[in-house]
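Below: one structure, written as structure tokens.
Read-outs: derived from the displayed coordinates by stated rules, not from any lab. Model, not experiment: these values are computed from the prediction. Note that we place each Cβ from the backbone using ideal geometry, even for glycine, and neighbour counts take in every protein chain shown.
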Amino acid sequence: MITDENPFRVHGVVTEDFFTDRVEELARIERTFREPSAKLMVYGPRRMGKTSALMQAIARHEQQGGVAFLVDVSTASALVDIANRVLEAAGRALGRKWRDAIGDFVSRIGLKLSLSPDATTGLVVPSLDLELRSSSLEDQRRSLGQTLDAVDAMARQRQVSLAIVLDEFQEIGRFGGESAEWHLRGILQQHQHVSYVLAGSQAHIIERMLDKGRAFYGLADHLHFGPIDPGHMAQWIDARLTSAGVKAAGVGAEVVSAAGPRTRDIVLVARQCFDRSASAGTADAAEVTLAVDDIVTAQGALLEATWMGLTPLQQNVLRAVAALTEGLTRSSSLRRFGLGSSGSTTNAASALVHAGHLVKAANPVGYAFDSPFFRRWVEQTTLGDVVRG
Ligand SMILES: Nc1ncnc2c1ncn2[C@@H]1O[C@H](COP(=O)(O)OP(=O)(O)O)[C@@H](O)[C@H]1O
Ligand SMILES: [Mg+2]
């Protein structure tokens, strides 16, 4: 059947036919959802597909009669924001299941709440007083604690398997400090009727939080979230293209090799390939290179602004990582890319890792670009300045 709807989606989380694989990860997450008091830490690089898999697991858990919801910590700026998101999400998830739940839930919390109807579902959604946002950290911690306690009490009373996903949970330290991390640990440990999945992206922050003596040490089981098998991804792309009317033998493999390991990058290239080739009804490897170039062009202004915000040494480190096949701090590399000492080069590379532009990699260079599109932009736009060798 020929359709003009793109068979690939990159906006928001993907479900149904737009979602593929993650069989083992889904099983592991759903098992955690079903086991009261279980705790699982899901961690892996950005754009790998964690949130999509978590949403898929939530949908499946709800189909089986459970209750689960996700709270995104990354867009919160205060502990009260998290409490409010838990309230809203719990209100919606519980309200779908029991119309009488909200009043019950609200009366347990013992905090001043306002109630307003949700525009799409008509369900009443509770939220905390906005003034609490400027209250002391201690008060804010308490409201988060009371909110989560109320969810736990509710799960006990209704005997339902209830799960809370805290997505990008490592961000809690950004506005709550380490004391909020310890406080959260204390709450999570006490709850016997709710299971928790903590998901996070920033490896260096999460590793620090899991160190001995730190707040999340030994709290949860760990699920590392890596790439989808490249062979599976390649076949899935070919099949999706074909079913949408684009003949595409072998294009999937080309897409995966051009885009690297992150699921979103792969799907973005596949989506652009479809747009380029839908009218012709056939795609080949050359389309893939052009699709990557389209994406680099589309992101060009943003990538240029990023580049301009870096120090000259950081820019030279990026040039080196884009071009090198040997160690970044070898004396030949330092000379060729004008890097100065190996100490300052390593510091500049670390700053780039912290900023999310590079990742540490088990390759001879020691580093790789976080984004294949930024890598390509650096290659196309800035490598003319340095001697190729
Ligand atoms: N299992 C999957 N199947 C198909 N596409 C996926 C899958 N997982 C992720 N994606 C693609 O990657 C994008 C980003 O995924 P997301 O779940 O937001 O990643 P993360 O939470 O790890 O940053 C999605 O919008 C979608 O385009
Ligand atoms: Mg995510």
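Some observations on this one:
- Amide hydrogen neighbours beyond the local backbone of VAL42, cut-off 5 Å, H modeled: LEU198, ALA199, GLY200, LEU223
- Shape of segment 22-224, Cα gyration tensor, a/c cut at 1.5: oblate
- Hits among lysines - C-alpha to C-alpha of LYS212 under 27 Å, sequence gap 8 or more where chains match: LYS39, LYS50, LYS360
- Most positive-pole-ward Cα, PHE69, SER371, LEU313, against dipole of the chain from beta carbon charges: LEU313
- Principal axis box of the chain, alpha-carbon based, largest edge first, Å: 70, 58, 34
- Between the residues LEU339, GLY200, THR15, the greatest Cα displacement towards the positive end of the dipole of the chain, with unit charges on the Cβ of Lys, Arg, Asp and Glu, is found for LEU339.
- Only Lys, Arg, Asp and Glu carry charge here, each on its Cβ (+1 for the first two, -1 for the last two); on that basis the chain has a dipole of about 700 debye about its Cα centre.
- Shown is the FRET efficiency for ARG158 and ALA239, computed with R0 = 51 Å from the Cβ-Cβ distance and rounded to the nearest 0.05: 0.75.
- Shape call, segment 18-64: gyration tensor on alpha carbons, a/c limit 1.5: oblate
- Footprinting exposure proxy ranking of ASP238, ASP284, ASP72, fewest other C-beta atoms within 10 angstrom first, gives ASP284, ASP72, ASP238.
- Calculated FRET efficiency for the pair ARG60/SER279, C-beta based, R₀ 35 Å, to 0.05: 0.40
- Cβ-defined net charge surrounding LEU328, 13 Å radius [Lys, Arg +1; Asp, Glu -1]: +4
- Each peptide in 162-171, 291-300 was scored by the mean count of other Cβ atoms within 10 Å over its residues; highest first, the order is 162-171, 291-300.
- Net charge over other residues, Cβ less than 13 angstrom from the Cβ of ARG185 (K, R count +1; D, E count -1): +1
- Paramagnetic reach from ASP100 in segment 155-196 [backbone N under 16 Å; point 7 Å along Cα→Cβ]: 155, 157-160
- q = 0.25 Å⁻¹, segment 230-305: log10 I(q)/I(0) [Debye, one scatterer per Cα]: -1.10
- With all pairs of different C-alpha atoms in the average, the Kirkwood value for the hydrodynamic radius of segment 151-283 is 18.1 Å.
- Table column - 3J(HN,Hα) (Hz), segment 122-129, Karplus curve with 6.51, -1.76, 1.60, x for Gly and Pro: x, 6, 7, 10, x, 8, 7, 4
- Peptides 317-328, 76-87 ranked from most to least packed, by the mean per-residue count of other Cβ atoms within 10 Å: 76-87, 317-328.
- Where the Cα pairs of segment 310-385 fall when distances are cut into 5 Å bins, in %: 3, 18, 31, 30, 16, 2
- By the Cα gyration tensor, segment 13-105 has an equivalent ellipsoid whose semi-axes, rounded to whole angstrom, run 23, 18, 13 from largest to smallest.
- For segment 158-221, the dipole from Cβ point charges (+1 on Lys and Arg, -1 on Asp and Glu) about the Cα centre works out to 200 debye, to the nearest 20.
- Taking amide H as placed 1.01 Å from N in the peptide plane, the amide H of SER195 sits under 5 Å from that of SER37, LEU162, ALA163, ILE164, each at least 5 places away or on another chain.
- Cα shape, segment 241-349, gyration tensor, a/c 1.5 rule: prolate
- Shown in residue order for segment 233-250 are the 3J(HN,Hα) couplings computed by the Karplus curve 6.51 cos²θ - 1.76 cosθ + 1.60 at θ = phi - 60°: 4, 4, 5, 4, 5, 4, 5, 5, 4, 4, 5, 9, x, 10, 5, 8, 5, x Hz (x for Gly and Pro).
- HN-Hα J in Hz across segment 311-317 - Karplus 6.51, -1.76, 1.60, θ = phi - 60°, x for Gly and Pro: 6, x, 5, 4, 4, 5, 5
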